Every structure is written in C-alpha cells, then in structure tokens.
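Read the structure below first, then the notes.
Each value in this text was obtained by applying a stated rule to the coordinates, not by laboratory testing. Bear in mind that the values here come from a model prediction, so they are computed numbers and not experimental data. Glycine gets a Cβ as well: all are built from the backbone with ideal geometry, and neighbour counts include every protein chain shown.
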Amino acid sequence: KNQVEQSPQSLIILEGKNCTLQCNYTVSPFSNLRWYKQDTGRGPVSLTIMTFSENTKSNGRYTATLDADTKQSSLHITASQLSDSASYICVVSPGGHNAGNMLTFGGGTRLMVKP
Amino acid sequence: DAGVIQSPRHEVTEMGQEVTLRCKPISGHNSLFWYRQTMMRGLELLIYFNNNVPIDDSGMPEDRFSAKMPNASFSTLKIQPSEPRDSAVYFCASSLALTTGELFFGEGSRLTVL
C-alpha cells in the first residue's frame, strides 16, 4: 500500500532557528515529490517539487532534499520567521497522464515559530 | 489570475439539511479535485474530474455525497442529508499538468453540521 509518513507531527521552534521536517514514502512507481505549505485557514500552496534525478533544491530559505534510494525527503527551513508557522504537507506522485487519483498525501507537520 | 475560487467560505447548518459547495477552477486547467480535510485524517480525495468527466469517485463517503462538473469552469459538491460527521474543511483544487503533480487549491469551505 502506498504510504507517506511525515515526522514530527508537530514542532515548536524559536524565531531565527533552523529546523528540518522529514517525509518517508513507500509509493511505487515514483515520479515526483512535492512539499506544500498550508497556512491556517488557507489552502495548501506548493513550495517545491523534487523529481527522481534531483537530490536538493532550494526556494529561498527552504531547501528540500530527496534520496530516492531510501525513499526519504526532508525540508529544511533556515532562519525561521513567524510567517513560517504553518502545516507542511509532503505529497508523492507516481506520474502518468491520469495520476490525479494516485497522489499520496502525508499527514503533515504542524510548525509553530515563536518570537 | 484569480486562482481557484470556492464558496461559501463558511457554512453552518443543521443535521439533515442539504449543503452545496461551489468551485471555479483556474481557467485552462483540465483536472479538478474535491478533497476533505480533518485533523484526524488529513487531506482525503473525494472525487477527481478530468475534462469535466468524473474519473474516480471512490473516495466519496456514501450516497449522501454527489459532485457535478457541468462545464470546465464550475463544479459543485452536494451533501444531502448532511450529518455532524461531515463537518470538515472541503477543498477544491485544479491542475493543468498532472505529470508534475502540482495542485492549485482554493481557500476551502469550512462546513459545520450541528
């Protein structure tokens, strides 16, 4: 069964500190992995996408890594800001034309950044 | 671009009443999804349309739920009759390039059934 597990479930850090969120998946076949950020009361928004051949990708203070061999991804947030407080959701896609119903969602990590 | 537009943003209703949630996808996107989000279960796919045709509705909880997409710019999710366990946030999302897996979500409709 395809699964995406995220850890930790929740995390509290002080403003300015770094943190790393984890995503482990058992989805097969694998096409790409995407990290979404969901602010409270809003819909999820894509932060970055990782394909099979990519090991690391940065988007500002966000850096995602992917190890396709161990089926693990991480999202590292540098110099956290209060606006980083949100849920972060890992989504894995098998790819293909009709992959819409094949996306597997993780349960998310709820991050709170305190001043 | 206005993004995916959902209405209403909040709905409070009594058990047994009919609820209709509405969604306008991003123009040009050919796939539309309805998701339900709860604290316990996270995001769950209810139904997925491609080119206005329902492709997979296996996530629809039961016959009380129905969804339609009469044209490329409008979709509805209806619950009749509603029950307290239907209380959740319902998201509509659209996509153009499913091969890359990017979904564009609306702001959600928070449903409370008393």
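From the mean inverse distance of alpha carbon pairs (Kirkwood) and the Cα radius of gyration, derive Rg over Rh for chain B.
Computed over Cα atoms, the ratio is 0.95.
Under a Cβ-Cβ cut-off of 13 Å, what is the net charge of the residues other than B:Leu21 that fall near it, where Lys and Arg count +1 and Asp and Glu count -1?
Taking every Cβ under 13 Å from that of B:Leu21, the sum is +3.
Can you list the trypsin sites (Lys or Arg not before Pro) in the stretch B:27-114 that are in a DSSP coil and have 16 or fewer other beta carbons within 10 angstrom?
In loop regions of the stretch B:27-114 (DSSP not H, G, I, E or B), the sparsely surrounded trypsin sites (Lys or Arg not before Pro) are B:Arg41, B:Arg64.
When only DSSP loop residues count, what chymotrypsin sites (Phe, Trp or Tyr not before Pro) in the stretch A:1-56 have their Cβ near at most 14 other Cβ atoms within 10 Å?
Here the sparse-neighbourhood loop sites are A:Phe52.
As a quick test, which of the pairs A:Lys37/A:Lys57; A:Lys17/A:Lys71; A:Lys1/A:Lys57 have an alpha carbon distance above 25 angstrom in this structure?
A:Lys17/A:Lys71; A:Lys1/A:Lys57
Between A:Lys57 and A:Ser28, how many nm apart are label points set 7 Å from Cα along the C-beta direction?
Label at A:Lys57, label at A:Ser28, 2.4 nm between them.
Do any cysteines in the protein assembly as shown lack another Cys Cβ under 4.7 Å, and if so which?
Lone cysteines by the Cβ rule: A:Cys19.
Within a 10 angstrom radius of each residue's Cβ in A:34-47, how many Cβ atoms of other chains show up on average? Whole number is fine.
4
Taking a temperature of 25 °C and a viscosity of 0.890 mPa s, what whole-number D in µm²/s does Stokes-Einstein yield for chain A with Rh from Kirkwood over alpha carbon pairs?
173 µm²/s
Give me the Å³ per residue figure for the convex hull around the C-alpha atoms of the stretch A:51-115.
Normalising the Cα hull of the stretch A:51-115 by residue number yields 110 Å³.
Considering the Cα trace of the protein assembly as shown, what is its radius of gyration and what is Dmax, both in angstroms?
According to the Cα coordinates of the protein assembly as shown, Rg and Dmax are 17.6, 51 Å.
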